[in-house]
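Q: Sharing a structure, written as structure tokens. Questions coming.
Read-outs throughout are calculated quantities, based only on the coordinates presented, and are distinct from any laboratory measurement. As the structure is a computational prediction, the values presented were derived from the model and not from experiment. Here Cβ is always computed from backbone atoms with ideal geometry, including for glycine, and neighbour counts include all displayed protein chains.
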């Protein structure tokens, strides 16, 4: 069975050793290893687009909406409410961002996106928490309503505005972007050199220091804040207890209904911010149907990330990267095959050292298939990267379902007083 | 609880839901600065002959879609993937029929079989993943929807025949088309003959669920999985079979339109029926008769809303809100009615128990419960 992070430490190690420090050391090594690998693949294949600053910037833009939806999903599911309605809440967010930005500027626009998303969340909470409707059923209805409401509201309010039409509103003010003077230019020129490792780090620095939207910073900050609130405060502990064992929480005096309501409304608001990001930063305005299923990808990223902020961040970055890459270069996708193969081999070796031989073999074989695919072809159809998030999630669910642990009472209808 | 009161209870819920949806829609329309009266007048105007034909055609497809979702729902299996299943099935069937391997009407049969098998296989992936690896069917079918969309898109852009800006599969031969029946004038269009598939599927659904061992097992699993297991039902086998049936029905969804008027997979393909079907299945309480009314209601709203674009400044998307609210309101209403019925039953039992002398023991209380 899965070993949780707390039990992996050697028994002899002093329990006082700060866990956070050990973790960041591990992640730092992992990040360094990843950069070295990417750099090597880039040099072998000659595909500079693989991690050019432009590619990374596009990847970050594609990551943020997925990340917000996923973190939103985490809030809701940690309190035990499955939120399939993320997509609908996100769509409401795109409209809210456009409307409020048009009249009051981008800052109010972001709040408007959160507000509209929260309305969608409240609808879901009303049905699931107050009336005890099945969570999936309510989520499907919320998606239908969100889609219809955004399309209807757009036609009612954006028709006839300058830059607007029944299905779009462009020319919106964007949230402030920051470019770190000096650092940005230096990093950009260094990344153009194509050196091993150095240029790759420079690309990353350049992507993060050039034209970085405040909203992007806010999105990543919200991930940290969510993690801190849910895992480091007593409020978060109570909220998560509602997702694990609501009857127990109730018997300890927690107002389960209230906590679930808060979680689902916050969930909707975050998904709404993700939609707002799409309308304000990732593209040049509001268009009907802009989300294109990103709410569902967010749901996938949440499961991929094991209902935890760190994993969700990793999943969203991966999905965002594969989402943005096809737009830039078709040949780069081919180089990606090698990267995937190496990643799978690394995973296989890691599993092997943990004596999980069967899984190691599975990963090794899949990695080998990718390597063969890389060596025998010249190009990969663009469409195939679009499937990456979905296939990755299916594979993760199929092969490491034992390692995933969703909140214990997730998706179950709770009734007040059921603790007896 | 008498059967009559139960029947009234299950009729009250949808009525309350429709009224609630009408109220909320009116408020939305009023808030956007248009007149709700005008809106309802346009929606409830008697449909033109052409619209009648469309309503019948559309509701047959919605009905099939809802039936596909309902069979899963009856055993607590959430097949959210109807959308992807009928897309895969429609595309593969269109390719096979377009290639005209066999002549005439035989080609139609082949096309239907291919559609059913493709839909069933695509849904089967989710079923097998659930049974062998414990993957939630909700997540896997959502993922499979997206994968189906991408795959079909890829095949269309690689092998599709270019017509202008769009691509399509080969048009099916004249002999493999299934003509419709024109109740009104020629220009008002035809009711597709394959609409009959929906009727047959509905009857089969009702028969299998209510009159066969399999149907009993399926409903038992839905009501109480532990009880079903205890009485010898192999739940994992049930899951895979129901997913296969659900996907098979899903595969048929677009077939009436395909053989009746589209003749190729391309711009004429109608997407989105999968999600409408889920909504209608919920509305109709997963029963064929209820689903039929739900499908007619949704098709009616869809078709009548086309009038809004011509005759008013109200967006026709408003009916999406109406439909969503109907679904949400109806499930809330069902839940409220169910809870009240359960409470009333419990009260009745308690009253009977209290009316009897205390010393009568536990034996007689069994009979009172049965009477209640």
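Q: Give me the angle, in degrees from 0 to 90, between the Cα long axis of helix B:273-283 and the longest principal axis of the Cα atoms of chain B, rounded to the nearest 10.
A: It is inclined by approximately 20 degrees.
Q: Now for a separate question. Picking from A:373, A:307, A:27, which is most flexible by a Gaussian network model of chain A using Cα springs under 10 Å?
A: Sorting by GNM fluctuation, first place goes to A:27.
Q: Turning to a different aspect of this structure: Taking each pair of different alpha-carbon atoms in the protein assembly as shown once, compute 1/r for the pair, average those values, and report the inverse of that mean as the Kirkwood hydrodynamic radius in Å to one decimal.
A: On the way: mean 1/r = 0.0352 Å⁻¹.
Evaluated over the protein assembly as shown, this radius sits at 28.4 Å.
Q: For helix B:3-31, what angle does its Cα long axis make with the longest principal axis of chain B, in degrees from 0 to 90 and rounded to 10?
A: Once rounded, the angle reads 50 degrees.
Q: Within a 10 angstrom radius of the beta carbon, how do A:124, A:334 rank from fewest other beta carbons to most?
A: Working: A:124 33, A:334 17.
If I rank by nearby Cβ atoms, fewest first, I get A:334, A:124.
Q: Based on the alpha-carbon gyration tensor of the range A:329-403 and its eigenvalue square roots a ≥ b ≥ c, which shape applies: rounded if a/c is under 1.5, prolate if not and a/b is larger than b/c, or oblate? Present the calculation step by step, with values, prior to reporting the outcome.
A: Values: a/c = 2.92, a/b = 1.62, b/c = 1.80.
Oblate shape, in that a/c is at least 1.5 and b/c is the bigger or equal ratio.
Q: Tell me, in nm to one decimal, what length is gained between residue B:184 and residue B:344 on full extension, where the rule is 0.36 nm per residue of separation less the Cα-Cα distance? Please report the intermediate quantities before stating the final value.
A: Details: separation 160, 0.36 × 160 = 57.60 nm, distance 5.16 nm.
Extra length from residue B:184 to residue B:344 when fully extended: 52.4 nm.
Q: Treat each spin label as a single point 7 Å out from the Cα along the C-beta direction, and report the residue A:245 to residue B:50 distance in nm.
A: 6.5 nm
Q: Per DSSP helix of 4 or more residues, -39500 (n - 2.57); summed, then divided by the residues of chain B. What does that give at 222 nm, rounded to the nearest 500? Don't jump to the answer; show the numbers that get you there.
A: On the way: 14 runs with 268 residues, N = 372.
Mean residue ellipticity, 222 nm, calculated: -24500 deg cm²/dmol.
Q: Based on alpha-carbon centroids, what's the gap between the range A:271-307 and the range A:51-78 in Å, whole number please?
A: When both Cα centres are located, 8 Å separates them.
Q: What's the exposure ranking of A:170, A:177, A:76, going from fewest to most Cβ atoms within 10 Å? Write down the numbers at each step before the final one.
A: Values: A:170 17, A:177 13, A:76 33.
Listing A:170, A:177, A:76 from fewest to most nearby Cβ atoms yields A:177, A:170, A:76.
Q: Once each part is reduced to its C-alpha centroid, what is the distance from the range A:149-210 to the range B:30-64 in angstrom?
A: 43 Å
Q: Rounded to the nearest 500 deg cm²/dmol, what is the calculated helix-only ellipticity per residue at 222 nm for chain A, with -39500 (n - 2.57) per DSSP H run of length n ≥ 4? Please list the in-between numbers first.
A: Working: 16 runs with 285 residues, N = 420.
It comes out at -23000 deg cm²/dmol, rounded to the nearest 500.
Q: A further question follows. If you rank A:87, B:225, B:83 by fewest surrounding Cβ atoms within 10 Å, what's the result?
A: On the way: A:87 29, B:225 15, B:83 26.
With the fewest neighbours first, A:87, B:225, B:83 line up as B:225, B:83, A:87.
Q: Given springs between every Cα pair under 10 Å in a Gaussian network model of chain A, which of A:291, A:385, A:179 has the largest fluctuation?
A: The residue with the greatest mean-square fluctuation here is A:179.
Q: Per the Kirkwood treatment, what hydrodynamic radius in Å, one decimal, follows for the range B:49-312 from the mean inverse distance over all distinct Cα pairs?
A: Value: 18.9 Å, from the Cα pair sum.
Q: Expressed as an acute angle from 0 to 90° and rounded to the nearest 10, what is the orientation of the C-alpha long axis of helix B:235-252 relative to the principal long axis of chain B?
A: Once rounded, the angle reads 40 degrees.
Q: Please work out whether the range A:48-326 counts as rounded, prolate or oblate from its C-alpha gyration tensor, where a ≥ b ≥ c are the square roots of the eigenvalues and a/c under 1.5 means rounded, while otherwise a/b larger than b/c means prolate and anything else oblate? Provide the component values of the computation, followed by the final result.
A: Values: a/c = 2.21, a/b = 1.33, b/c = 1.66.
The shape class here is oblate.
Q: Given a Förster distance of 51 angstrom, what is the FRET efficiency for residue A:237 paired with residue B:204, based on the Cβ-Cβ distance and rounded to 0.05? Present the calculation step by step, with values, prior to reporting the outcome.
A: Values: r = 52 Å, r/R0 = 1.02.
With a Förster radius of 51 Å, E is 0.45.
Q: Let a ≥ b ≥ c be the square roots of the eigenvalues of the Cα gyration tensor of the range B:45-135; is it rounded (a/c under 1.5), or, if not, prolate (a/b larger than b/c) or oblate? Present the calculation step by step, with values, prior to reporting the outcome.
A: Details: a/c = 3.13, a/b = 1.21, b/c = 2.60.
Oblate, because a/c is 1.5 or more while a/b does not exceed b/c.
Q: While we're looking at this one, here's another question. If you look at just the Cα atoms of the range B:191-234, how large are its Rg and its Dmax in Å?
A: Values for the range B:191-234 (Cα only, Rg and Dmax): 14.5, 48 Å.
Q: Kindly state, to the nearest 0.05, the FRET efficiency for residue A:365 paired with residue A:30, given R0 = 22 Å and r defined as their beta-carbon distance. Write out the running numbers ahead of the final one.
A: Details: r = 24 Å, r/R0 = 1.07.
Between residue A:365 and residue A:30 the formula returns 0.40.
Q: Would you mind telling me which residue in A:369, A:239, A:299 has the biggest mean-square fluctuation in a Gaussian network model of chain A, where springs connect alpha carbons within a distance under 10 angstrom?
A: A:369
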